[in-house]
Amino acid sequence: MISVRMRAELKGLHVSGAERLIEEGSLKQVVQELLRRPKAYDKLVITVEKVEKVFLIPKALTIYSYDFKCVEDARAFALEKLEEVGIKRELGQKALELLDKGPNPRGGNMRGAVLMDVQTGERLEPDKERGIRTVRVDWKDRKAIKQALLKRGIKRKYLNRLMDALALATKNVHCGVLAELCWSDDEDYTTGYVASNLGYIRINPLKELGKPIGGRVYFVKREDLENLIECLESKAVLIEALT
Ligand code: PML
């Protein structure tokens, strides 16, 4: 199979990224699709890589969706959901603050995720500007998943983003991430999520409309770090079905 990754920048800032794991025959079509993804960019990089071994995950995390009248209520709910899987309140709060101000120590967004030690709250990612990127993950049959999500009432405008985020969150939990907090850096997209082995819990609005800052925090155990990073960045994974 082939891994195709796209990332786009505008004025030095990351604005869009996506990945597909595909058969060689659909490369042209997929590259065209990914080229249409970013709204605006001044630099776009497409990486095409052969992948030898692919691991199958039979089921994605279960999807739940919750809407709130304001960011404050939505974030309080996210903290509760994190606590349910053992993430202490002060660490959940720290993660919310990081994503709110922009997790990159130089200001703004990161390409990858923050790895937060679930015991101490320390940041464990070796490169704090880049973070850790979950790559090499996709759906076995994107078309079928799209149809299934539409049938479940997911609006077409949310589809691609939801599919990419759900696949990524499912791989993260498979690799050993205990919980993930995420919202988009797209200023028009306010739905974020808390993911863990309890499910993929979509929460809206996790940020104010018009704010171009977001990212991902993975809560992890320090002892598993090397294997975890290897799994997130190298293991190729296809997800077969929704739950
Ligand atoms: C992103 O696109 O950067 C993250 C999107 C998170 C939420 C996706 C959804 O479930 O709607």
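The values are calculated or read from the model by the stated rules, or taken from the named source; none is laboratory data. Because the structure is a prediction, the values reported are computed rather than measured. We place every Cβ from the backbone using ideal geometry, glycine too, and count neighbours over all the protein chains shown.
The table for this structure:
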read-out: Filter result (of a type in the set (Ser, Thr, Tyr) and under 27 Å from residue 15 (Cβ atoms)) within region 33-86; value: 41, 47, 65
read-out: Unique match (being in contact with a helix residue (DSSP H, G or I) (Cβ under 8 Å, 6 or more places away or on another chain) and either within 9 Å of the ligand (Cβ to nearest atom) or aliphatic (A, V, I, L, M) (or both)) among 178, 166, 150; value: 150
read-out: Complete set of residues in region 184-195 that are within 6 Å of the ligand (Cβ to nearest atom) and at pLDDT 95 or above; value: 191, 192, 193
read-out: Test for residue 232: is it buried (at least 23 other Cβ atoms within 10 Å of the Cβ), over 13 Å from the mean Cα position of the chain (by Cα) and among the aliphatic types (A, V, I, L, M); value: no
